[in-house]
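Some notes on the structure that comes next.
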């Protein structure tokens, strides 16, 4: 059944583009990430990183990616370059199918363009320890199961912020990353 879900995601996302007007808000910083699914593994894991212990999103589970740089031709270039910088995977080992809708962070001023694609199981990984503490391969369709859904709440500047989340083993995925995973889940339902 997982192969059918994988093929459905590939079909629905291949060539998909999104409205970029949200990315033009002047007071938001723009980033792009790669949601990579291991195509030749029956568990179809997604590659997630635990950010290094620095910055606003320190130690959070996220997808490889980062902020737009002047050298990038477009957001796909950003996602590709950052994926290579953070986990060392060669561009020839993965391909991006298309886009999900942009996602804003909860109170930290970022808007993120997610790209979804595939990676080969035997890709050589070389983690950049300055940016990434850990790489995890999390079975996508297992993660989407009801028992892994959660909610988290926190307070920032006396304001309560609620976020849908996912828990898998000892990993809590929330915020922008969780909202990207929710988009994948919604695509499977349509």
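Nothing in this text is a laboratory measurement; each read-out follows from the coordinates by a stated rule. Not measured: the values here are computed from a predicted model. Please note: Cβ atoms are built from the backbone with ideal geometry, for glycine as well, and neighbour counts cover all protein chains shown.
Based on DSSP H runs of at least 4 residues, each adding -39500 (n - 2.57), what is the mean residue ellipticity at 222 nm of the chain after dividing by all its residues, to the nearest 500 deg cm²/dmol?
Helices in the chain give a 222 nm mean residue ellipticity of -7000 deg cm²/dmol.
To check my understanding: the extent here is largest minus smallest coordinate of the Cα atoms along each principal axis. What are those three numbers for region 56-115, in Å, largest first?
Rounded to whole Å, the extents work out to 35, 23, 23 Å.
Just to be sure I understand: of the beta bridges DSSP finds with both ends in region 2-141, what percent are antiparallel, rounded to 5?
65
By the gyration tensor of its Cα atoms, with a ≥ b ≥ c the square roots of the eigenvalues, what is the shape of region 2-141: rounded for a/c under 1.5, prolate for a/b over b/c, or oblate?
The shape class here is oblate.
Tell me, 68, 103 in order of fewest to most beta-carbon neighbours within 10 Å?
68, 103
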